[in-house]
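Trainee: A single structure is presented below for examination.
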């Protein structure tokens, strides 16, 4: 039975997992959750995802949500080195990189994306002060990425992992709205590498 | 060689690692990083943690940071069911719960803690509008926790995992500050359970 993904393509979480599916060559059936119509808050959808968020998956009856959890599950199932779980130290270093993404990148990048893209789509005004504050904070964090990526090719070491991929959805939105945040040499090298992968190209504009 | 934990004894993230060490019976040497004098921004400390944050560990020469990554490493090393890596479905459900903590709890709880507790400690004024907005968000999220915890004992299933423990530091700061967020029946039951564990009692006031 093919994997079912419930989601809404313009959202970061949804594209975070369609990207991983493409990277791992996992076929999937995509079922649109109509956020504009409030479908994510219906009892039927809340059965799949109690927080009323996208995405959620059904893998032959096994239901999961939270894109980074789904990504880990699919990579582990595929035995993929994107989740290096056979080596305790490599796994630990992967988890450091994954934690860096959601602690030091996501809070700022997601806020900027919300203000500059998702609020306007709903007819709400962008709070430019919030954008400026988040951009300043993100820029400071990315200076550290520059240091890390000067010592190794990717965030967890010299091999690409889910931790690198997890940056693509919000990172791409930042670039699209004109924030050239991946401009220093190592960041640029890393960003060009991960964002040019066919798996990202396949889903960046849709699921 | 005993594990070295670098941190600040009152820091939430430092105590996140400390509680897991206590839970796993892992002895550690605590080395205080003097945040007040900016020790976390010195070149010597930045070697351990390039973002200049606490905590960091040195496990017999193996260096890690990011509290949730450290916790996973230690639990995996101990073969503990707190991090159920041997069962793919239990592991996936654990990762959902762990993701819930950092996506749906931490962004709200940490901001409320910053405004209501940590800023006043530094002589800065609380932004009550931010507190109100974050508290409303957190209350809504905990309604979903109430549903989840009505079906199972803990966030990942019927056994306690790291995902539950990860809530302890910020959850406790909020409770101590008089923010009664764990008030609905199932959430209250769960919170009383995890916060009364001897491991948390041992470190809740200091790592």
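Trainee: Select from the range A:159-190 the residues that are in a helix (DSSP H, G or I) and under 16 Å from residue A:113 (Cβ atoms) and list them in ascending order.
Mentor: Hits for the range A:159-190 are A:168, A:169, A:170, A:171, A:172, A:173, A:174, A:175, A:176.
Trainee: Considering only residues of the range B:133-148 that are under 19 Å from the mean Cα position of the chain (by Cα) and closer than 18 Å to residue B:195 by Cβ, which is surrounded by the most Cβ atoms within 10 Å (Cβ to Cβ)?
Mentor: Ranking the candidates gives B:145 first.
Trainee: With the structure loaded, tell me whether residue B:24 is within 30 Å of residue A:62 (Cβ to Cβ), under 20 Å from the mean Cα position of the chain (by Cα), in contact (Cβ under 8 Å) with a residue 60 or more places away in the chain and away from chain A (no Cβ under 13 Å) or whether it fails that test.
Mentor: Criteria not met by residue B:24.
Trainee: Scan the range A:182-203 and report the pairs whose first residue is over 23 Å from residue A:13 (Cβ atoms) and whose second residue is modelled with pLDDT of 95 or more and part of a loop (DSSP other than H, G, I, E, B), with Cβ atoms within less than 6 Å and a gap of 6+ or a chain change.
Mentor: These pairs meet every condition: A:188/A:182.
Trainee: Next question, about the same structure. Only residues that are surrounded by fewer than 17 Cβ atoms within 10 Å (Cβ to Cβ) and within 30 Å of residue B:160 (Cα to Cα): list them for the range B:31-57, please.
Mentor: Across the range B:31-57, the qualifying residues are B:31, B:32.
Trainee: Which of the helices (runs of 4 or more DSSP H) found entirely inside the range B:66-181 contain at least 3 residues meeting this: away from every other protein chain (no Cβ under 12 Å)?
Mentor: B:106-113, B:128-151, B:168-176
Trainee: Tell me which residues, restricted to the range A:55-83, are without any contact (Cβ under 8 Å) to a residue 60 or more places away in the chain, in contact with a helix residue (DSSP H, G or I) (Cβ under 9 Å, 6 or more places away or on another chain) and not in a helix (DSSP H, G or I).
Mentor: Residues satisfying the conditions are A:55, A:56, A:57, A:59, A:62, A:64, A:65, A:66, A:80.
Trainee: Another question about this same structure. Of the residues A:96, A:117, only one is more than 24 Å from residue B:147 (Cβ to Cβ), assigned to a helix (DSSP H, G or I) and more than 7 Å from chain B (Cβ to nearest Cβ); which?
Mentor: A:117
The values are calculated or read from the model by the stated rules, or taken from the named source; none is laboratory data. Quick caveat, the model's predicted, so the values are computed rather than measured. Cβ coordinates were reconstructed from backbone atoms using ideal geometry, including for glycine residues, and neighbour counts include every protein chain displayed.
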